[in-house]
1. With labels modelled as points extended 7 Å from the Cα through the Cβ direction, what inter-label distance (nm, one decimal) is found for GLU278 paired with ALA112?
2. Which residue, LYS56, LYS226, LYS33, has the most motion in a Gaussian network model of the chain that connects Cα atoms within less than 10 Å?
3. Using only Cα atoms, tell me the angle between helix 13-23 and the longest principal axis of the chain; keep it within 0 to 90° and round to the nearest 10.
4. Evaluate the charge dipole of the chain about its Cα centre and quote only its size in Debye, nearest 20, assuming +1 on the Cβ of each Lys and Arg and -1 on the Cβ of each Asp and Glu.
5. First select every other residue whose beta carbon is under 15 angstrom from the beta carbon of ALA340; then total the charges, Lys and Arg +1, Asp and Glu -1.
6. Provide the gained length on full extension for the span PHE412 to ALA223, in nm with one decimal, where the gain is 0.36 nm per separating residue minus the Cα-Cα distance.
7. Below 18 Å Cα-Cα, how many Lys pairs turn up in region 102-192? Only count pairs eight or more apart in sequence, or on different chains, if you could.
8. Report ³J(HN,Hα) in whole Hz for each residue of region 337-346, in order, from the Karplus equation J = 6.51 cos²θ - 1.76 cosθ + 1.60 where θ = phi - 60°; Gly and Pro get x.
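The values are calculated or read from the model by the stated rules, or taken from the named source; none is laboratory data. Computed from a predicted structure; not experimentally measured. Glycine gets a Cβ as well: all are built from the backbone with ideal geometry, and neighbour counts include every protein chain shown. When the accessible area is computed, the model is the full protein with side chains, heavy atoms only, and any ligands, DNA or RNA have been set aside. Shrake-Rupley method; radii C 1.70, N 1.55, O 1.52, S 1.80 Å.
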Amino acid sequence: MTGILAACGGGNTAGNAENSAKTGNTPAQTSGKVEFWLDKLGDAEKAARLSDAWKKDSGIDVVFTNYPDVAAYQTSIQQTIDDPGAPGLFTWWSGPQLETLAKNGKLADLTAEWDNYIADGVSADVKEAFTVDGKVYAAPYSLRYTSLLYNVKVFEAAGVAVPTTFDEFLDACEKIKASGVTPIGLKNDSWASFIWFQQLIAAYDPQLYSDLCDGTKPYTDDAVKKVMAIWREMFDKGYFGEPIVYSDLHKEFATGVVAMMLEDSPTVTDLQSDYGMEPGTDIDAFVLPSMNGGKGTIFFEASPIVVTEASASKEQALAALRSFYKPATQTVMVNDHGIANISTISVDNQTIRHILDMTGDSAHYQLMLRFYENTPEDLRNTALDELSRFMYSGADIDDVLNAIQAKADKVFG
């Protein structure tokens, strides 16, 4: 566990009072301290900058404790969540995992707090991802949108334009391969095996994706088998590279060894800071086109911040969260992490701005919650294992889908 302590001076009492008057809530505290546990922020300098801005916006000292290991993080939260000494704030996962904590009374009800967040620019549409039985139990720590990042110079050298149809996408892969470059890079994280599965399923039929997530249709459906066959053919034609560590994948992308990656928007910031890739000039983004001429699907991860109901610092946590979406704090989120949680923030990064523009273009794109949070945990874990076998070991399509459906039958009854 990496502990990051950041305590900085300053406050914004007037801003909190003004917002409270606007929403009718009790004025936020502008002093005190709260622990914030997360598994997403390992850089001490970035944590200090975020805490400094947050302190100036709220008056609350936020003490960051980052867990680099997800399993250890989940265990620590579960072991402390009922104690007064539990962290006032922590990040979690939307979907069934959030629902479990909410239904067991572990989280503070933030429904009334959302007037504050919306007033500061958070989209009201995000509430749905954090709503359980009509009440809202979280606010966004990060909104991450997945798209195909591409190396602009590689595309230009191969004579490839950004594809607007799925056939054009496959043709682009063929041309890039012929130019001596691997079309699509893959990371070897087993948890990420769902990324191409969800994207191809939604490109075939977004409703099919939704039906799989809620058990309406089986994984053994003929349409799913058809998509899996398309995916397998892409492997057979050499469109995917060998799965490698994500840091090595980023290097291969930056140096033109691979042309595309299906990754989230903050990856753009990493590539810019680590390899000097200029947004819009060296790196840009597009959405995988629909297979039937419909809208493209942009998957999003809405990582929630929650307030611990039993924590002795619950009130400080609520006060800090009321100010998390102020411009100074969110500017740090954009500049350091490539994360834009509010519509009112200025985004200089041209590629991230492009991605955000696509998320707001409802005529051509639709947003869907990603598979990881949109599927019951037990079923998701089985699916990840089986999709990994398909991707990394060439497992038989029917064997993989039958194994996933066997678990789905138990989960959905």
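1. Label at GLU278, label at ALA112, 5.3 nm between them.
2. For the chain, modelled as a Gaussian network with Cα springs under 10 Å, the answer is LYS226.
3. Tilt relative to the chain: about 70 degrees.
4. 560 debye
5. -4
6. 66.0 nm
7. Summing the qualifying lysine pairs gives 6.
8. Computed from phi, the couplings for region 337-346 are 10, x, 10, 10, 8, 10, 6, 8, 7, 7 Hz.
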